[in-house]
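The values are calculated or read from the model by the stated rules, or taken from the named source; none is laboratory data. Note that the coordinates shown come from a computational prediction; the quantities given were computed from them, not determined experimentally. Positions of Cβ are generated from backbone atoms using ideal geometry, with glycine treated the same way; all protein chains shown enter the neighbour counts. Heavy atoms of the whole protein, side chains included, go into the accessibility calculation; ligands, DNA and RNA do not. Shrake-Rupley method; radii C 1.70, N 1.55, O 1.52, S 1.80 Å.
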Amino acid sequence: MPIVSVIIPTYNRAEYLKLAIESIFSQDFQDFEIIITDNASTDHTKKVVEEFQSKKIIYYRNEKNIGVVPNHNLALRYASGKYIHIFSDDDIMLPGNLSKKVRILEQNLNVGFVHSNINIINENNTIIERGHWGKRYISNWDKLHSRDSLFPGLKYFAILINQWNLIAMPTVLIRRDLIEQNGYFDLNTHMYCDWEIWMRNSIFSDVYYLSDILVSYRRHSSNTIKQIQNDSSISELSYIKNKLRSIFLTIHPELNVADYILEVDIESQIIKRPLTQKTLFQKIKRKMKRILL
């Protein structure tokens, strides 16, 4: 059994996938397997994987597209490592990513998962933003994340549920036992499936943040951008918060839930969500159209 299972759910991103896999093989930590769940790609994804000719890669191809969240869960079910690195098919691991994160989990048994700082790159692998996007909209980001930090899980839970998702999914290394204990991605979620699973697991374990930039997070035209109507966003986030409130009270009945889950107005929270340049342009365009009418 490998120490780390790197899971890469993928769909029609053959060229980016090749770079992602190469970045994993370039790591100084080599005790890993790569689980690729191909969601019925119509490009040359299978050929790209086969060209590596590596027994470390375990490739599964779905006969039909089963959706993003189920495909992530499929990859989790196939993983056999002690730790699972949840990675993306269009991102790049930087040197030391696996070794540094494995070391944290080996040395801190109370930590359930670790995540790290990032660069943001474009289609051409050019850095367009240095440092985590969380600094733009998480209050006290610099105070909390300017250096390597171990956070009590419930403190991180409060930050996550009351502000926004500050965890870049392709930076996460999580204990497989924790995933098995608390469940996979919630099939009732879509826009915020990753946010929900971080909040849920922080109820049960502490969280570690590495300030080193260990992943290049790609922003490009074919990103799965969550341009969803506010009503859908509000509905999903309401579901998540109600679910987690119930779990919190069950696991920690001695604590006052109000100390951790502020009665944040969800609609206001959604409106303040981070905007991509594309969604910002669309909002301005719609507003101008209303003015001109």
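Does Gly131 fit the bill of being at pLDDT 90 or above, touching an Asp or Glu at 6+ places or on another chain (Cβ under 6 Å) and either open to solvent by 10 Å² or more (accessible area, probe 1.4 Å) or of a type in the set (Gly, Ala, Ser) (or both)?
No, not satisfied.
Look through segment 1-26, keep the residues that are in contact with a helix residue (DSSP H, G or I) (Cβ under 6 Å, 6 or more places away or on another chain) and open to solvent by 10 Å² or more (accessible area, probe 1.4 Å), and return whichever of them is farthest from Asp89 (Cα to Cα).
Lys18
For Tyr60, indicate whether it is touching a Leu at 6+ places or on another chain (Cβ under 8 Å), closer than 19 Å to Asp194 by Cβ and not aliphatic (A, V, I, L, M).
No, not satisfied.
If you take the residues of segment 143-186 that are among the small types (Gly, Ala, Ser) and at pLDDT below 95, which of them is nearest to the chain's Cα centre (by Cα)?
Per the criteria, the residue is Ala158.
For segment 1-106, give me every one of the helices (runs of 4 or more DSSP H) that falls completely inside it and has 3 or more residues that are touching a residue at least 40 places away in the same chain (Cβ under 8 Å).
Where helices (runs of 4 or more DSSP H) fall fully within segment 1-106 and carry at least 3 residues being touching a residue at least 40 places away in the same chain (Cβ under 8 Å), they are 14-25, 68-78.
Given the conditions (1) farther than 25 Å from Leu255 by Cβ; (2) open to solvent by less than 30 Å² (accessible area, probe 1.4 Å), which single one is not true for Ile161?
All conditions pass for Ile161, except number (1).
Report the residue count in segment 49-79 for those that are farther than 23 Å from Pro2 by Cα and β-branched (Val, Ile, Thr).
So the answer is 3.
Please go through (1) surrounded by fewer than 19 Cβ atoms within 10 Å (Cβ to Cβ); (2) in contact with a helix residue (DSSP H, G or I) (Cβ under 7 Å, 6 or more places away or on another chain) for Arg200 and return the number of the only condition it doesn't satisfy.
Looking at each condition in turn, Arg200 falls short on (1).
On the given criteria, is Asn125 surrounded by 16 or more Cβ atoms within 10 Å (Cβ to Cβ) and either among the charged types (D, E, K, R) or not in a helix (DSSP H, G or I) (or both)?
When the stated conditions are applied, Asn125 does not pass them.
Mind checking which residues of segment 203-218 are open to solvent by 20 Å² or more (accessible area, probe 1.4 Å) and not in a strand (DSSP E or B)?
Correct list: Phe204 only.
Which of the residues belonging to segment 29-47 are farther than 23 Å from Asn97 by Cα and either hydroxyl-bearing (Ser, Thr, Tyr) or open to solvent by less than 50 Å² (accessible area, probe 1.4 Å) (or both)?
Listed by number, the residues that qualify are Asp38, Asn39, Ala40, Ser41, Thr42, Thr45.
Taking interchain pairs and intrachain pairs at least six residues apart, which have beta carbon atoms under 9 angstrom, with the first residue in segment 121-147 and under 18 Å from Leu214 (Cβ atoms) and the second basic (Lys, Arg) and part of a strand (DSSP E or B)?
Final answer for the pair search is Ile121/Arg218; Asn125/Arg218.
Name every residue in segment 92-134 that is more than 21 Å from Asp31 (Cβ to Cβ) and out of contact with any Leu (no Cβ under 9 Å at 6 or more places or on another chain), in order of residue number.
The answer is Ile120, Ile121, Asn122, Glu123, Asn124, Thr126, Ile127, Ile128, Glu129, Arg130, Gly131.
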